[in-house]
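**Q** Before we start, here is the structure in question, set down as structure tokens.
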Amino acid sequence: MNLFLKTCVFLAILVISCSPDAKIEDSCIDESIIDELSFCIEIYQPVCGCDGVTYPNSCYATTFNGVTSYTNGTCN
């Protein structure tokens, strides 16, 4: 009976952690900083977001997509 209870608890934790609504703690996207009504200057200075996507500039990365960190230049 003890093994059965441990198995049930393990499976419950596994199901909860794999649910589609579970957030990844290491996510580099912060949806709270997204402001689609904001304005970004149309200057092409590409940045590589922490999500592996190349954005036209840092404003597009942060303001429209919520990227929390990036490096200058395109992604490889």
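The values are calculated or read from the model by the stated rules, or taken from the named source; none is laboratory data. Model, not experiment: these values are computed from the prediction. When we count neighbours, we look across all protein chains shown, and the Cβ atoms used for this are built from the backbone with ideal geometry, even at glycine.
**Q** Among all residue pairs at least 6 apart or on different chains, which show Cβ distances below 8 Å where the first residue, located in region 53-74, is part of a helix (DSSP H, G or I) and the second is of a type in the set (D, E, K, R)?
**A** Close Cβ pairs satisfying both conditions: T63/D35; F64/D35; F64/E36.
**Q** Something else: Could you please find all residues in region 65-76 being surrounded by fewer than 17 Cβ atoms within 10 Å (Cβ to Cβ) and at pLDDT 95 or above?
**A** First, the residues of region 65-76 that are surrounded by fewer than 17 Cβ atoms within 10 Å (Cβ to Cβ): 68-69, 71-76.
Within region 65-76, T68, S69, T71, N72, G73, T74, C75 meet the criteria.
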